[in-house]
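The values are calculated or read from the model by the stated rules, or taken from the named source; none is laboratory data. Worth saying up front: this structure is predicted, and the values here are computed from it rather than measured. Every residue, glycine among them, receives a Cβ derived from its backbone with ideal geometry; neighbour counts consider all protein chains shown. Please note that ligands, DNA and RNA were not included when accessible areas were found on the heavy atoms of the full protein model with its side chains. Shrake-Rupley method; radii C 1.70, N 1.55, O 1.52, S 1.80 Å.
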Amino acid sequence: MKRVLITGATSGIGLGLAKRYSANHQVIACGRNSEVLQQLSKEHGVVAKAFDVTDSDAIASNFAELQPLDLVILNAGGCEYIDNPNQFDGKLFERVMQVNLISIGYCLEHLLPKIKPGGQLCIVSSSSVYLPLPRAEAYGASKAAITYLARTLTATLNDIGVTVVHPGFVETPLTDKNDFPMPCIVSVEQAVSEIEKGLEKRKAEIHFPRRFTYILKLLGLLPFSMWLPIAKRIAS
Ligand SMILES: NC(=O)c1ccc[n+]([C@@H]2O[C@H](COP(=O)([O-])OP(=O)(O)OC[C@H]3O[C@@H](n4cnc5c(N)ncnc54)[C@H](OP(=O)(O)O)[C@@H]3O)[C@@H](O)[C@H]2O)c1
């Protein structure tokens, strides 16, 4: 049976992926919420690992004894917005960077050597990378860095297939907190199907829903001076 490790497996997209893959894979599910992990273990037979992805020592000890893996999905992440850029919250910026970006470096250090030749690495970024969006100074910057990192690894790793995921809005506890319209929002089940299908095809990039992401991609091709008035209107 193929072995899949998923971070952020206790909620939203990661929880959906853990349930889906556990049907025919051995899943190693990571997160902080030990109650959900225990339940996943009982009901879906996953191997549970409870730790904080910002703690490099905890990552080292939790991943030290892992058997070789076929697929690693680095999905753990959080979103906090910069509401007032004039009073820039440096601590918020640091928190978002730690959870979304720095943690990935810790995971890669310990997990890349565990991925079998011919195996796969999947990193969950965001469609926010296509355009600079107001309030996303921290979140968007962390995800833009993740996309850069993933694309570089796609070019430099020879024995491992690398996939970056750019989801649009997905109905999860992360987006439940949003107080603005979320066009083309999809369910966790739809997101999981897109990711599973894309990984099966070993795509370098998975993005969905395409009716939303293609518009963002197109707008992202415009000169910044054309996007700027739209961004200013969204910000005001
Ligand atoms: N939902 C969307 O619309 C959307 C769009 C684009 C990209 N994404 C990305 O998709 C990924 C999953 O998002 P989601 O919407 O499914 O969010 P979610 O429901 O809030 O789940 C986030 C997951 O990350 C884990 N996590 C967060 N901080 C952690 C930490 N310090 N240590 C260990 N685990 C941590 C959480 O586990 P614990 O609670 O157990 O710690 C949870 O399992 C994120 O990277 C997010 O940026 C989401």
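Is it true that some residue in the stretch 157-178 is more than 10 Å from the ligand (Cβ to nearest atom) and of a type in the set (Ser, Thr, Tyr)?
yes
Which helices (runs of 4 or more DSSP H) does the stretch 148-236 wholly contain that include 1 or more residues that are more than 21 Å from the chain's Cα centre (by Cα)?
210-221, 224-235
Residues that are more than 21 Å from LEU157 (Cβ to Cβ), within 13 Å of the ligand (Cβ to nearest atom) and hydrophobic (A, V, I, L, M, F, W, C), at least 3 per element: which helices (runs of 4 or more DSSP H) completely within the stretch 1-112 meet that?
By residue number, 12-22, 34-44.
Only one residue in ILE146, ILE123, ILE115 is β-branched (Val, Ile, Thr), more than 11 Å from the ligand (Cβ to nearest atom), open to solvent by less than 40 Å² (accessible area, probe 1.4 Å) and out of contact with any Phe, Trp or Tyr (no Cβ under 6 Å at 6 or more places or on another chain). Which one?
ILE115
Does TYR130 meet the test of being within 12 Å of the chain's Cα centre (by Cα) and either more than 17 Å from VAL164 (Cα to Cα) or among the aromatic types (Phe, Trp, Tyr) (or both)? Lay out the reasoning, then the answer.
Numbers: within 12 Å of the chain's Cα centre (by Cα): no; either more than 17 Å from VAL164 (Cα to Cα) or among the aromatic types (Phe, Trp, Tyr) (or both): yes.
Taking the combined requirement at face value, the residue does not satisfy it.
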